[in-house]
Amino acid sequence: MSSLPTAQIPGVYHRRIGEIIVTGLSDGYVDLGYGIFRNVPEERAKELFAREHRIAPPRISVNAFALRFGGRVYLVDCGSADIMGPTCGWLPANLAAAGIDPAEVAGVLLTHVHPDHSNGLTEVATGRLLFPNAEVIVHENEIDHWFNDELMAKAAERPRRRYFEAGRAQLKPYMAADRVRTFRDGEVLPGVTAIPIPGHTPGHTAFVISSGRQSMMIWGDTVHVPEVQVAMPDAMMEFDTDPEAAAKRRLRTFDMVIADDLLVGGMHLHFPGFAYLTKDGTGYRLIAEQWAFQV
Ligand SMILES: [Zn+2]
């Protein structure tokens, strides 16, 4: 008998949207404490976790997505590199497994600038661009916010270090190379439309991917912890810049994907991160998309 497996096969899953191949790529996951919620009593969170047969404390998956069309490759977010511990930072390995060379990535779209989404841009020690031929495509409010010295001075130590300073270190080499393109909304690439969903961060953005008759929404951090925030969309997170705006926006985004019957791709939905959302009584329910053998 061959030896027993000790690791999973690569975290790569392809889904065709018309002419566009959308690939879910795992960066890994991180286990965090119940303190990540602002307004959810620990008992209630534990109940919701138990109901879904989840391990506790909350495990947050971290995904990025690749878009391939017209002979080009783009990424939506680019993983956390070395800032989130040993269970994260696996995006480069999974990119390799997906046959994507970082040098062929033409653009990195960012849902927002946070360590688990943008820390894979630059090797900070050397300033080396990890995607040497890519432009970074990001909402203008993200640049305005994270490069605002006054706001940075007012921030507590941890967010100052992990959000402001780390974000700047990631983006500056691309700015120096004139490789950052900002947007407000609308089509940012052929078939890729930016929908600003501010709240979690000021320039937090969802991207609607459309080709032929098919479309889906990559909704960034609309949900961090599906077990809790789908049942309780008003659950706010400690990493929200404006938690109340984030909660309101979550509900509006939920209603939008249901009204438009959109498949969702989520950075923190459990890998591979493709799901449908549906109304369930007075609340909502997330249904993971079924696995398909063929792309
Ligand atoms: Zn995130």
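Quick note: the coordinates plus some simple rules give every number you see, no bench work behind them. Values in this document were obtained by computation on a predicted structure and should not be read as measured data. Using ideal geometry, Cβ is built from the backbone for each residue, glycine included, and neighbour counts are taken over all protein chains shown.
Some observations on this one:
- DSSP bridge pairs, the chain: antiparallel proportion in percent, nearest 5: 75 percent
- Cα gyration tensor category, rounded, prolate or oblate, for the chain with a/c compared to 1.5: rounded
- Annotation for segment 263-295: chymotrypsin sites (Phe, Trp or Tyr not before Pro) lying in DSSP loop with at most 12 further Cβ atoms inside 10 Å of their Cβ are Trp291, Phe293.
- Near Asp144, once Lys and Arg are set to +1 and Asp and Glu to -1 for all other residues with Cβ below 13 Å from its Cβ, the sum equals -2.
- Dipole of segment 154-242 computed with +1 at Lys/Arg Cβ and -1 at Asp/Glu Cβ about the Cα centre; of Ala156, Ala176, Val228, farthest Cα towards the positive end is Ala176.
- Here the Gaussian network model covers the chain, with springs between Cα atoms less than 10 Å apart; of Pro57, Pro196, Pro272, Pro57 fluctuates the most.
- Charge tally around Tyr174: other residues with Cβ under 14 Å, Lys/Arg +1 each, Asp/Glu -1 each, net +1.
- The lysines within cross-link reach of Lys279, meaning a Cα-to-Cα straight distance under 20 Å and a gap of 8 or more places when in the same chain, are Lys248.
- Calculated FRET efficiency for the pair Ala97/Phe293, C-beta based, R₀ 22 Å, to 0.05: 0.80
- Summed over qualifying helices (DSSP H, 4 residues or more, each -39500 (n - 2.57)) and divided by its residue number, the chain shows a 222 nm mean residue ellipticity of -6000 deg cm²/dmol.
- Segment 208-272 shape via C-alpha gyration tensor axes, a/c threshold 1.5: prolate
- Ranked by how many other beta carbons lie within 10 Å on average, peptides 182-193, 104-115, 158-169 from highest: 104-115, 158-169, 182-193
- Under 9 Å, Cβ to Cβ, from Gly89 - net charge with Lys/Arg +1 and Asp/Glu -1: -2
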